[in-house]
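The values are calculated or read from the model by the stated rules, or taken from the named source; none is laboratory data. Computed from a prediction, not measured in an experiment: that's the story for all the values here. Here the Cβ positions follow ideal geometry from the backbone for every residue, glycine too, while neighbour counts run over all protein chains shown.
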Amino acid sequence: MNGVPMEHGLVLAAVLFALGLGGLMFRRNMIFVLMSLEVMLNAAGLAFIVAGTGWQQPEGQAMFLLVITLAAAEASVGLALLIQLYHRFRTLNLDVASRMRG
Amino acid sequence: MMEHATTLSIAQPTTLLPLTFLLPLVGTLILAFSRGQLSYRASATVGTASIGLAALTTAALALGFAAAGPQQLTLWTWIAVGDFTPGISLALDGLSLTMLGVITGVGFFIHLFAAWYMRGEDGITRFYTYMNLFVFSMVLLVLGDNLLLLFLGWEGVGLCSYLLIGYYYTHSANGWAGFKAFVITRIGDVFLALGMFLLFTRLGTLNIAEILELAPQAWQAGDTTVELAAFLLLGGAMGKSAQLPLHTWLADAMAGPTPVSALIHAATMVTAGVYLIARMHGIFELAPTALYVTGVIGALTLLMAGFAALAQTDIKRVLAYSTMSQIGYMFLALGVGAYDTAIFHLMTHAFFKALLFLSAGAVIISCHHEQDMRRLGGLWRKLPLPYAGFMVGGAALAALPLISAGFYSKDEILWQALAADQQGLLIAGLVGALLTSLYTLRLIIGTFHGTAKSDNARHAETGRGLAHGLPLVVLAGLSTFVGAWITPPLAEVLPAGPGDATHVGHSSLELLAAATALGGMALGVWLFGLRRGWLRLANRGPGAGLWHLWHHAWGFDLVFDWTLVRPYRLTVWLLKSDLFDGLFRLLARLVRLLHLGLSRTQSGRVRGYAITMVAGVALILLSLALVIQGT
Amino acid sequence: MELAFYLSALMAVLATLGVMTNPNPVHAVLYLVVSLLAVALVFFALGAPFAGALEIIVYAGAIMVLFVFVVMMLNLGQATVDQERQWLQPRTWLGPSVLATVLLLTLVSLLWRGDIQAVIEGGGLTARGVGTLLYGPWLLLVELGALLLLAALVTASHVGRIGKVAAPSPAPRDLPTGASTPANGQAHQPSTNGVAGEDV
């Protein structure tokens with residue numbers, strides 16, 4: 001075996017992404033939803049790294065940097081919202097905050 | 001250097017001319033942008049002062065006019081489309097100066113009176129905003145040197161009339177009255193617009209002076225085109241001036257505050273039609289049929305409105321029909337070619353009718369908003385000033401010989417009709433004079449004499465203050481022979497009437513007219529004051545029918561309702577549910593159904609949205625995969 | 001090299017599964033840390049040590065500390081665990097899982113058919129290359145990232161403020177049963193002010 005085929009790396013990213021997606025869809029607790037989001041972002045970053053190293057181009061890692069920045073921003077805003085949710089409803093159940101229904 | 005100094009001099013009409021409409025405009029803007037923050041006193045002060053300054057400007061203009069003659073001033077080009085370049089340009093001549101004096105002078109006193117009349121009312125700022133806007137529009141109307149600018153003012157005054165009739169908007173009847181006035185005058189405005197189009201297509205200009213100059217070259221007298229143009233202009237004038245058959249709005253327009261009735265629906269706006277015909281006299285000179293029809297319409301209106309005024313119980317409605325009747329006189333004068341006489345009567349009518357309306361307003365306020373003659377009476381002791389106003393104004397209205405302003409102008413109209421050899425019009429005018437005397441006496445006796453017939457009248461409060469007294473006194477002064485001394489400088493603008501050349505038989509006609517007026521007054525005193533038993537005839541049999549007919553002003557409203565409104569509504573009702581509408585309605589219902597379905601999906605739950613989105617992504621990717629597999 | 005990749009990949013997948021299925025928030029956060037560390041190992045194995053280091057420092061370090069901090073601050077105890085257990089019924093997760101699986105299979109099948117033929121051998125890319133790229137032609141990206149972080153800072157410090165926004169909020173009409181009504185006006189802890197924004 002000589003080197004890892006790029007497909008394998010991308011499949012790993014897809015698996016992690018799908019796991020995060022599943023968690024996002026079936027978890028009701030906002031803290032888990034945020035974690036699922038982190039997993040998904042991380043999977044996207046992984047895909048960039050895999051592609052970047054596979055084609056020997058530094059752009060992949062540059063994009064990974066942007067993804068990681070995004071993840072940090074998303075986590076801070078998301079956690080602030082979580083605190084608000086808990087403060088207002090005394091629960092982390094996301095389904096409670098459904099006042100914007102049609 | 002000297003020239004420079006003189007052009008900047010304040011007495012120069014060219015610099016003063018724009019002030020006449022800028023001052024009311026500034027007043028409007030101040031009031032409109034104050035957002036109701038101004039106090040009652042501040043609003044009234046701003047509203048009245050702007051018109052007062054405009055009146056002073058007009059006085060200065062009149063002095064300048066006496067020295068320098070007509071002025072022409074182009075401010076800027078309004079629109080430039082090819083050769084068509086109507087400007088914001090003003091023309092000051094004897095005719096527009098006369099109108100300007102009436103608008104700003106009488107307008108100022110009415111604004112002043114309104115400060116007394118409107119106290120305690122809500123929305124005084126709104127009232128003065130509309131009033132100032134009205135004066136602005138009216139000044140533009142008379143100063144515009146082209147028909148387009150005139151039309152701008154024409155529509156502006158119509159708008160203000162609509163707004164002010166519906167001033168007490170909490171009652172829907174007032175709104176409907178404003179609506180009616182707006183729609184009916186709009187019919188006339190369409191005619192006026194069509195007339196403008198016709199003149200423009202044939203003569204290539206809307207400048208009034210150019211039209212009057214070009215028209216005799218383009219057409220011979222009696223030419224079909226010029227007759228059509230004159231009829232269209234006449235249609236516009238009829239709508240604005242409430243002449244048959246477009247007159248029905250004016251009586252209902254009394255729903256507005258009384259100063260509005262005085263300013264808009266008596267003194268200025270309704271006479272705009274007379275001004276228009278006088279201004280476009282060159283067209284009418286070429287169209288004898290249209291001119292004759294003008295006179296006939298005036299005669300019919302004055303008779304119709306005279307009879308209707310006899311049977312009104314609301315004092316403002318009496319005055320409204322009287323206004324129609326007096327404008328009928330003006331149209332009669334126009335119809336016999338005596339334009340200057342019509343404008344003279346317009347001026348005196350503005351004085352005495354404004355006086356009558358303001359006196360009526362004083363009575364109404366003093367009697368706690370009671371304006372039904374049947375519930376008034378015996379007021380002359382308590383309200384001496386309005387009583388005097390009614391006496392002087394009524395005398396002028398009924399043309400009391402020698403001492404009233406109305407006598408001079410009305411007698412002049414009758415003389416011109418005789419001189420033009422229009423016996424029919426003359427007889428109509430004489431009968432109208434008799435009617436005028438009768439309804440004036442009925443109005444005064446019913447309101448001020450006899451016994452008070454309601455608590456409101458018994459507890460009348462005498463009006464006080466400068467804003468109440470000064471306008472009545474000044475207008476009363478102008479309604480006497482003093483007003484008749486003012487000779488409008490019209491000789492340069494308007495052609496001489498048929499009666500200006502000769503005076504054969506003038507004195508005998510004067511005697512006849514004076515006898516008619518005095519006879520009518522004597523009859524009125526006898527009928528309404530001394531032998532009231534006669535009036536019971538109006539309660540039964542044919543008398544009651546006649547009363548009913550006159551009370552509803554010959555039933556024009558009913559006729560229009562049955563011939564126009566109802567068929568129209570029937571048509572609308574028939575067309576309401578046609579096939580195509582059904583199609584569109586089906587479409588709308590479908591969309592609404594879809595909307596309902598889609599709004600169900602908006603559960604407000606983020607997880608639901610995520611699942612939906614993922615399902616969509618999966619579907620797209622899956623179909624993509626299948627397509628790739630297929631190739 | 002390859003072995004490291006596959007081992008750490010397996011670890012990442014298992015740890016992520018743990019995140020998704022564990023009812024205890026603290027355990028889930030720890031599983032997430034493990035998962036992120038495993039991904040960092042994958043980066044090392046693929047020859048991107050700079051990215052791996054960043055992953056450890058930023059993700060497993062800063063962001064996860066934030067999560068742990070919030071979880072501890074909210075003091076989610078046994079009640080939360082029980083509720084999570086109750087929510088994690090097959091009825092709840094079956095549908096989304098099937099959906100995610102379908103998506104995964106589609107992705108994988110598309111990848112497989114893509115015929116990329118690239119093999120990652122590791123090495124060759126240094127932090128220096130990434131740095132020259134970032135501060136050369138991609139400078140705008142750095143600026144954008146800075147702006148994004150600033151915006152997040154402002155947003156978090158604004159959104160996270162408690163007390164001034166809406167004091168004990170009126171109980172919404174559609175508040176589900178089970179949630180305690182906040183109408184009794186509990187005192188707010190001033191110490192929670194701006195917590196979420198500190199670490200950005």
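A single member of B:THR28, B:THR48, B:THR125, B:THR98 is closer than 30 Å to B:PRO495 by Cα, under 27 Å from the mean Cα position of the chain (by Cα) and buried (at least 17 other Cβ atoms within 10 Å of the Cβ), and it is B:THR98. Selection within region B:600-625: residues that are small (Gly, Ala, Ser) and closer than 23 Å to A:PHE26 by Cα. The member of this set that is farthest from the other protein chains (Cβ to nearest Cβ) is B:GLY616.
Filtering C:ILE63, C:ILE57 for residues that are at the interface with chain A (Cβ under 7 Å from one of its Cβ atoms) and either surrounded by fewer than 22 Cβ atoms within 10 Å (Cβ to Cβ) or of a type in the set (A, V, I, L, M, F, W, C) (or both) leaves a single hit, C:ILE63. Is there a residue being more than 20 Å from A:MET25 (Cβ to Cβ) and within 7 Å of chain A (Cβ to nearest Cβ) anywhere in region C:76-86? No, there is no match, as no residue in region C:76-86 is more than 20 Å from A:MET25 (Cβ to Cβ) and within 7 Å of chain A (Cβ to nearest Cβ).
If I go through region B:495-509 residue by residue, how many of them are in contact with a His (Cβ under 9 Å, 6 or more places away or on another chain) and at pLDDT below 80?
Adding up the residues that qualify gives 1.
The listed residues are B:LEU512, B:LEU472, and the only one of them that is part of a helix (DSSP H, G or I) and either buried (at least 19 other Cβ atoms within 10 Å of the Cβ) or modelled with pLDDT under 80 (or both) turns out to be B:LEU472. Which of the residues spanning region B:488-508 are touching a residue at least 60 places away in the same chain (Cβ under 8 Å) and either touching a Lys or Arg at 6+ places or on another chain (Cβ under 6 Å) or among the polar types (S, T, N, Q) (or both)? The one that is touching a residue at least 60 places away in the same chain (Cβ under 8 Å) and either touching a Lys or Arg at 6+ places or on another chain (Cβ under 6 Å) or among the polar types (S, T, N, Q) (or both): B:THR502. Restricting attention to region A:44-82, the residues that are outside any helix (DSSP H, G or I) and at the interface with chain C (Cβ under 7 Å from one of its Cβ atoms) total 3.
Taking the criterion of being more than 21 Å from A:GLY9 (Cβ to Cβ), in contact (Cβ under 8 Å) with a residue 24 or more places away in the chain and either facing another protein chain (nearest Cβ under 8 Å) or in a helix (DSSP H, G or I) (or both), the residues of region C:1-44 that qualify are C:THR21, C:PRO25, C:VAL26, C:VAL29, C:VAL33. Just one residue in the set C:LEU104, C:LEU94, C:LEU149, C:LEU153 is under 20 Å from A:ILE49 (Cβ atoms), assigned to a helix (DSSP H, G or I) and within 9 Å of chain A (Cβ to nearest Cβ); that residue is C:LEU104.
Counted as qualifying within region B:540-627 are the helices (runs of 4 or more DSSP H) with 2 or more residues that are surrounded by 14 or more Cβ atoms within 10 Å (Cβ to Cβ), namely B:541-551, B:556-560. Of the set (1) at pLDDT 85 or above; (2) surrounded by fewer than 16 Cβ atoms within 10 Å (Cβ to Cβ), all apply to C:SER97 but (2). Is one or more of the residues making up region A:91-99 within 20 Å of the chain's Cα centre (by Cα), more than 14 Å from chain B (Cβ to nearest Cβ) and part of a helix (DSSP H, G or I)? Among the residues of region A:91-99, not one is within 20 Å of the chain's Cα centre (by Cα), more than 14 Å from chain B (Cβ to nearest Cβ) and part of a helix (DSSP H, G or I), which makes the answer no. None of A:LEU41, A:LEU85 is farther than 30 Å from B:SER599 by Cβ and either within 14 Å of chain B (Cβ to nearest Cβ) or outside any loop (DSSP other than H, G, I, E, B) (or both) except A:LEU41. Considering only residues in region C:100-129 that are among the polar types (S, T, N, Q) and free of Cβ contacts under 8 Å to residues at least 24 places away in the same chain, the one that is surrounded by the fewest Cβ atoms within 10 Å (Cβ to Cβ) turns out to be C:GLN117.
Specify the residue that is farthest from A:GLY52 (Cα to Cα); the eligible residues are those in region C:45-54 that are in a helix (DSSP H, G or I) and facing another protein chain (nearest Cβ under 7 Å). Result: C:LEU54.
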